[in-house]
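Inspection log for the structure reproduced underneath, given as structure tokens.
The values are calculated or read from the model by the stated rules, or taken from the named source; none is laboratory data. Just so you know, these numbers come straight off a predicted model, no measurement behind them. A quick note on method: Cβ atoms are made from the backbone with ideal geometry, for glycine too, and the neighbour counts reach across all protein chains shown. Areas reflect the complete protein model, heavy atoms only, side chains present, ligands, DNA and RNA absent. Shrake-Rupley method; radii C 1.70, N 1.55, O 1.52, S 1.80 Å.
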Amino acid sequence: RMAEDVARWRGPGRTSDGTAVAILANVQDGPSARTAAERQVEGVGLFRTELAFLNRADEPSVDEQQALYREVIDAFPAGKVVIRTLDAGSDKPLKFIDHGHEDNPALGIRGIRIAATDPGLLERQLDAIAAAATGAAEAPWVMAPMIATAAEARSFAAQCRARGLTPGVMIEVPAAALCAEAVLAEVDFVSVGTNDLTQYAMAADRMSSELAALTDPWQPAVLRLIRLTADAGAGAGKPVGVCGEAAADPLLACVLVGLGVTSLSCAAGAAAAVGARLGGVTLQQCRWAAEAAVASADPQAARDAARRALS
Ligand code: PEP
Ligand code: MG
């Protein structure tokens, strides 16, 4: 029956009692965005722009960037597209950025931190996004990766607003989740990156298979950081999405909705399974599942408790 529900699922995303939860796709270029558009997703929750440039020896011109961003925007003429500024460094070094040597690249100059050493790179990217937004049916939103402080969010938001762009930031550093209220005061939306949030909360390399028991987004510590962020979003009346791998786990997606998350962005291939699971449970069941999962002692207990609450 589950397989049939998944095959039959059609967006938009909602709980069985009608609470809308946008189900969005993570994409990396025009072709992946067009494939996602055929899969019922309502838009793009995370466009990883750095992945489009992994093989580039030099920085793409503003015109080239504009064309690429416009391709992704045009794949969803009626849907929201969230463009993330370059998340270069650490596991995703770019050839046209001098990353230098770092003993701890995951804790080094990556994501928004590059703007401090090379401000022109971010300025040119925002110029290209603003140009791509001109004349688009739906204006894209823009978000910065690796934000740790409200001051970083403020500076990024000012640069976006100066270009008429709607700013948001990723919540993927525990400090930003703990200070979510102050961060949300600076921007119009946030999106939780559970991959890095888990890595940094648990002090466990996301690439290490030996540490998989720690890099599990069901860890109660991670769920508590997401709850802090969702509560701050509800208080500010601003959207809180999730765009890490956690959003691709149908059971965890229901828990995230119960915590107050307002959109889920995952690989396009996972969207139907998430949408079908969510469509079979009420918002109240999601809330019970979230409460039980957060109060659990470990990931397995959290999964079991959520499954009980949702059956
Ligand atoms: C994340 O960290 O969860 C995320 C969505 O970003 P990335 O996987 O690209 O680091
Ligand atoms: Mg990340």
| query | Hey, among the residues in segment 164-180 that are β-branched (Val, Ile, Thr) and open to solvent by less than 10 Å² (accessible area, probe 1.4 Å), which one's nearest to ligand 2 (Cβ to nearest atom)? | reply | 171
| field | Count of segment 212-238 residues which are within 16 Å of ligand 1 (Cβ to nearest atom) and of a type outside the set (Gly, Ala, Ser) | value | 11
| Does residue 146 fit the bill of being within 16 Å of ligand 2 (Cβ to nearest atom), open to solvent by less than 10 Å² (accessible area, probe 1.4 Å) and in a loop (DSSP other than H, G, I, E, B)? | yes
| said: Take the residues in segment 69-105 that are out of contact with any helix residue (DSSP H, G or I) (no Cβ under 7 Å at 6 or more places or on another chain) and of a type in the set (Gly, Ala, Ser); name whichever of them is farthest from ligand 1 (Cβ to nearest atom). | reply: 78
| request: Filter segment 194-205 down to residues that are within 12 Å of ligand 1 (Cβ to nearest atom) and aliphatic (A, V, I, L, M) and give me whichever is nearest to residue 87 (Cα to Cα). | output: 197
| task | Quick one: in segment 106-134, of everything that is open to solvent by 50 Å² or more (accessible area, probe 1.4 Å) and not charged (D, E, K, R), which residue is farthest from ligand 2 (Cβ to nearest atom)? | result | 134
| request: For segment 160-179, enumerate the residues that are in a helix (DSSP H, G or I) and either more than 21 Å from residue 231 (Cα to Cα) or away from ligand 1 (no atom under 16 Å from the Cβ) (or both). | output: 160, 161, 178
| said: Looking at 191, 209, can you tell me which residue is among the polar types (S, T, N, Q) and within 15 Å of ligand 1 (Cβ to nearest atom)? | reply: 191
